[in-house]
Amino acid sequence: MSLSGGKKRMWLRVHRDEVLAYLEKNGEEATMKEYHLRKGTLDRVISLSEGYYPRFTRYDSLELKINRDEVSIADLRGELRELKELFAVFQESVAEQIKQNFLIPLLQAGIRPPEGLELAPHPDLLNVNSLIEQARSCRS
């Protein structure tokens, strides 16, 4: 642990039970070495009378969990957005590969639709002159 100051204090407050369990199992020297604590800091972790590292209430614990979950949700939303973008790139890549490796060679090979399937040209429906011609042909 390479924290100091307020960050270390907050970490010790959050992980107080873990530090105390390690202390009970391994002793003061090992705990100070493991968590990079001085004797005075460890004494404050142990002592509740100073109120320096109080235990979290149930409300505090729930609030921390909610905050952690909100961060996790934001991370998941970011990952989902990234996956959608990557999938769009993947789709474009696959479409281009299908076009280049399959469709263009088939068209270049001379595959033509049967004569009965060819479509007759239709008038351009957005062309004003074409619309006028259609209207005149309908009157007669």
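The values are calculated or read from the model by the stated rules, or taken from the named source; none is laboratory data. Given the structure is predicted, the values throughout are model-derived calculations rather than measurements. Please note: Cβ atoms are built from the backbone with ideal geometry, for glycine as well, and neighbour counts cover all protein chains shown.
If you go through the stretch 124-135 one residue at a time, do you hit one that is closer than 30 Å to His15 by Cα and at pLDDT 80 or above? No: zero hits. Is it the case that the stretch 90-109 has a residue that's outside any helix (DSSP H, G or I) and either more than 30 Å from Gly5 (Cα to Cα) or touching a residue at least 12 places away in the same chain (Cβ under 8 Å) (or both)? Yes, the stretch 90-109 contains a residue that is outside any helix (DSSP H, G or I) and either more than 30 Å from Gly5 (Cα to Cα) or touching a residue at least 12 places away in the same chain (Cβ under 8 Å) (or both). Under the condition of being over 31 Å from the mean Cα position of the chain (by Cα) and surrounded by 10 or more Cβ atoms within 10 Å (Cβ to Cβ), which residue from the stretch 51-75 is modelled with the highest pLDDT? This residue is Arg55. In the stretch 27-43, the residues that are closer than 17 Å to Trp11 by Cβ and surrounded by 13 or more Cβ atoms within 10 Å (Cβ to Cβ) form Cβ pairs under 6 Å with partners that are among the aromatic types (Phe, Trp, Tyr) and at pLDDT 85 or above, at six or more places apart or across chains, as follows: Thr31/Tyr22.
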